[in-house]
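Report on the structure given below.
The values are calculated or read from the model by the stated rules, or taken from the named source; none is laboratory data. Being a predicted model, the structure only gives us computed values, none of them experimental. All Cβ positions, glycine included, derive from the backbone under ideal geometry; neighbour counts span all protein chains shown.
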Amino acid sequence: MKKILLVVLLFAFIPSLSIAQNDKKKVISTIDSKQNQYTTIAKQLWEKPELGYLEENSSALLQKELEKEGFKIEKGVANIPTAFTATYGSGTPVIGILGEFDALPGMSQAAEPFKKARVVDAPGQACGHHLFGTGSMAAAIAVKDWLKTSGKSGTIRFYGTPAEEGGSGKVYMVRAGLFNDIDAIVSWHPGDENTSNPGTNLATISGKFRFKGSSSHAAAAPELGRSALDGVEGMNDLVNMLREHTTESTRIHYVITKGGDAPNIVPEEAEVYYVVRNANRDEVRAVWNRVVKAAEGSAMGTETTMTYEIIGGTYERLPNKALATLMHANMTLVGGVDYTREELAFAKEIQKTLGAPEPIESAKIIKPMVFTYGKASADTGDVSWNAPTAAVRTATWVPGTPPHSWQAVAAGGTGIGFKGMLVAAKTLALTAIDIYKSPKILDGVRAEFNERRGPDFKYEALLGDRKPALDYRK
């Protein structure tokens, strides 16, 4: 790790490598001049949320805007209808920007500071991916404009990445080799604070276990039935006992997705959806295998049959402190989020509903850079092991708001969310342009990447060679 330390020390001098302040102000001004355009696009994605692999309108809208800006669009990449790339420029460096746009089921919410579904039981942008996709697109367009006027060599590529929420969309894109020529990835995610923290998170494997038994009348002939639901519940009991015998960072979640049709019919079919997480992907594989054994044991004990399908699998994130340091310097220049009087009133009402609110003023602050150990997961992890990657978080939600909450959906449909989105867009654009202006920055970024990854690394997707699970949300 001594080499990494030297790389980090070198990056203490990043400001001397960055583009002139006047140039940066012009880039920021260009993005600000299109604020209404980008807000309108993000609001459209917010108003018409779509689940993973079903994001036809969202994907098409972003593609249309990028094509209008002169990007070359490749549709349906990695055998995923809603996945795409948009490329502008030529030569090196090749910088990638990630953009997501899928929503979460059952999270519909109005842009109000109290719980109120826009459409009952409909999806909602509870992780802010409408902002993610639009903000990243705005950054890519700003970089394109700069490349065009500066005459500098370089390629900017926007990745339209579907189904992050459990569908592992980026994993299939990595597996298809779409990141093989990338020098660096700059990305971001909505949040309740402004940070550029290198760090890692949890690897995952997810899948559905399907049990099949024999139906019969639950009262008149129960002895003739073999309950598939018993198979599911037996599996759940065994897995819950397994929790005592796993490592500290292991997380196991499940939800019964099919339990039968009526209580007086012995269920012939039942299904349970599992997710296993751990800070180390090898441990995820080991725990997943034990979960499979629990399913096999339950099927044997209940005289049912069981099949399972791996739906998703993601690596833990590989940090890159050198790239994160550059991102932090640019976000510090851009600054945080200032609320209007109306937004401040909205934020105060939202905070009344939060269990652990943070000071509202913290939305303005760029927090110091620290190394983090995240407890969530994302398919960005696979990208980070194939190309140097760094991401920022910006305050698109009221401070103290957790992701996957109605409060996140609400703020994401207001100026609070849109302002945080533009902070991210500016940060990503300035970081990419810094690299085009001073390609030697990549020497330190790549050296750290290679050392952290190790000389013997070979990428193998945790979901194997299965085809994209395009129907996992249907």
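Of the residues making up segment 72-86, just one is free of Cβ contacts under 8 Å to residues at least 40 places away in the same chain and closer than 12 Å to Tyr172 by Cα, namely Gly76. Only one entry of Gly106, Gly96, Gly135, Gly89 meets the criterion of being out of contact with any helix residue (DSSP H, G or I) (no Cβ under 6 Å at 6 or more places or on another chain) and not in a loop (DSSP other than H, G, I, E, B), and that entry is Gly96. Of the helices (runs of 4 or more DSSP H) lying entirely inside segment 382-457, those containing at least 3 residues that are closer than 20 Å to Leu98 by Cα, modelled with pLDDT of 95 or more and among the hydroxyl-bearing types (Ser, Thr, Tyr) are 415-437. Please determine, by comparing only the residues of segment 415-441 that are of a type in the set (S, T, N, Q) and buried (at least 22 other Cβ atoms within 10 Å of the Cβ), which one is farthest from the chain's Cα centre (by Cα). Selected residue: Thr431. Looking across segment 265-313, the residues that are surrounded by 17 or more Cβ atoms within 10 Å (Cβ to Cβ) and hydroxyl-bearing (Ser, Thr, Tyr) come down to Tyr273, Tyr274, Ser298, Thr302, Thr304, Tyr308. Checking Thr92, Thr82, Thr87 one by one, the residue that is closer than 17 Å to Asp379 by Cβ, surrounded by 14 or more Cβ atoms within 10 Å (Cβ to Cβ) and of a type in the set (Val, Ile, Thr) is Thr82 and no other.
The listed residues are Ile141, Ile156, Ile182, and the only one of them that is in the same structural domain as Gly374 (by TED's automatic domain parsing), crowded, with 19+ Cβ neighbours inside 10 Å, in a strand (DSSP E or B) and over 18 Å from the mean Cα position of the chain (by Cα) turns out to be Ile156. Pairs, please: C-beta under 9 Å, at least 6 apart or cross-chain, first residue modelled with pLDDT of 95 or more and in a helix (DSSP H, G or I) and in segment 336-356, second basic (Lys, Arg) and crowded, with 16+ Cβ neighbours inside 10 Å? From residues that are modelled with pLDDT of 95 or more and in a helix (DSSP H, G or I), the pairs are Glu343/Lys419.
All conditions but one from (1) touching a helix residue (DSSP H, G or I) at 6+ places or on another chain (Cβ under 8 Å); (2) in a helix (DSSP H, G or I) apply to Leu229; the one that does not is (1).
For every residue, the table says whether it meets (1) exposed (fewer than 13 other Cβ atoms within 10 Å of the Cβ); (2) modelled with pLDDT of 95 or more; (3) over 28 Å from the mean Cα position of the chain (by Cα); (4) outside the structural domain of Asn57 (by TED's automatic domain parsing).
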site	(1), (2), (3), (4)
Val7	no, no, no, no
Ala12	yes, no, yes, no
Ile19	no, no, yes, no
Asn22	yes, no, yes, no
Thr30	no, yes, no, no
Tyr38	no, yes, no, no
Lys43	no, yes, no, no
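Yes/no matrix, rows are residues, columns are (1) over 26 Å from Ala286 (Cα atoms); (2) crowded, with 19+ Cβ neighbours inside 10 Å; (3) in the same structural domain as Gly336 (by TED's automatic domain parsing):
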site	(1), (2), (3)
Val186	yes, yes, yes
His189	yes, yes, yes
Asp192	yes, yes, yes
Asn197	yes, yes, yes
Gly207	no, yes, no
Arg210	no, yes, no
Glu223	yes, no, no
His245	no, no, no
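Within segment 451-464, the residues that satisfy the criterion of being acidic (Asp, Glu) and free of Cβ contacts under 8 Å to residues at least 40 places away in the same chain are Asp456, Glu460. Out of Glu65, Glu50, Glu112, Glu69, one residue alone is touching a residue at least 24 places away in the same chain (Cβ under 8 Å) and within 16 Å of the chain's Cα centre (by Cα). It is Glu50.
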